[in-house]
Amino acid sequence: MEWGKFRSEADLLPELFDKMVDDAAKIEDVYDQAIHFFLIMARCQFFYDVNKRMGRFIMNGLLLSFGYPAINLPARRQLEFNQLMLSFYQTGDQTAMNSFLRSCLDERIIKIMNE
């Protein structure tokens, strides 16, 4: 195990990482792009540990860098998150997780942003 490096037993990880970045570059909506990074990082498991956490850092860092509010997962919705993630891990379909994560945005902040 090496800090800051991909898991060594998975030769395809650099290729999957490049694909994630290339695919994200084609996504125009910043929320879709940020959520894409989170989900692919969580699913591909690039590192030995902290994949979901790192994906959330990337997701929210990207959003904040564009002036958008971060997505925070309320503790009361953790079970729903876990169930949707299990489905995403199996299918790779981002639709339900994208909707879920967007639903975690504070509506008051969205209202202010739209004014």
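The values are calculated or read from the model by the stated rules, or taken from the named source; none is laboratory data. Because the structure is a prediction, the values reported are computed rather than measured. We place every Cβ from the backbone using ideal geometry, glycine too, and count neighbours over all the protein chains shown.
Among the residues here, residue 6 does not qualify as in a helix (DSSP H, G or I), aromatic (Phe, Trp, Tyr) and surrounded by 13 or more Cβ atoms within 10 Å (Cβ to Cβ).
Out of all the residues in the range 90-108, is one or more at pLDDT below 95, surrounded by fewer than 11 Cβ atoms within 10 Å (Cβ to Cβ) and not hydroxyl-bearing (Ser, Thr, Tyr)? Yes, the range 90-108 has at least one match.
Whether any residue in the range 25-39 is acidic (Asp, Glu), within 30 Å of residue 115 (Cβ to Cβ), in a loop (DSSP other than H, G, I, E, B) and more than 12 Å from the chain's Cα centre (by Cα) is what I want to check. Yes - at least one qualifying residue is present in the range 25-39.
Applying the selection to the range 3-14, what residues are closer than 17 Å to residue 55 by Cα and either touching a helix residue (DSSP H, G or I) at 6+ places or on another chain (Cβ under 6 Å) or not aliphatic (A, V, I, L, M) (or both)? Outline the logic, then answer.
We begin by selecting, within the range 3-14, every residue closer than 17 Å to residue 55 by Cα; these are 3-7, 13-14.
Result: 3, 4, 5, 6, 7, 14.
If you take the residues of the range 9-24 that are assigned to a loop (DSSP other than H, G, I, E, B) and among the acidic types (Asp, Glu), which of them is modelled with the highest pLDDT? So, considering only residues that are assigned to a loop (DSSP other than H, G, I, E, B) and among the acidic types (Asp, Glu), the one modelled with the highest pLDDT is 11. Scanning the range 15-41 for residues that are surrounded by 13 or more Cβ atoms within 10 Å (Cβ to Cβ) and among the basic types (Lys, Arg) yields a single hit, 19. Scanning the range 11-48 for residues being free of Cβ contacts under 8 Å to residues at least 12 places away in the same chain and more than 16 Å from residue 66 (Cα to Cα) gives a total of 9. Kindly establish whether residue 34 is under 17 Å from residue 85 (Cβ atoms), touching a Lys or Arg at 6+ places or on another chain (Cβ under 8 Å) and at pLDDT 95 or above. It is false that residue 34 is under 17 Å from residue 85 (Cβ atoms), touching a Lys or Arg at 6+ places or on another chain (Cβ under 8 Å) and at pLDDT 95 or above. Residue 53 fulfils the conditions (1) modelled with pLDDT of 95 or more; (2) surrounded by fewer than 16 Cβ atoms within 10 Å (Cβ to Cβ) except for a single criterion, (1). Considering the range 56-79, the residues that are in contact with a helix residue (DSSP H, G or I) (Cβ under 7 Å, 6 or more places away or on another chain) and more than 18 Å from residue 44 (Cβ to Cβ) include one that is surrounded by the fewest Cβ atoms within 10 Å (Cβ to Cβ), namely 66. Among the residues of the range 70-96, the ones that are assigned to a helix (DSSP H, G or I) and in contact with a Lys or Arg (Cβ under 9 Å, 6 or more places away or on another chain) come to 3 in all.
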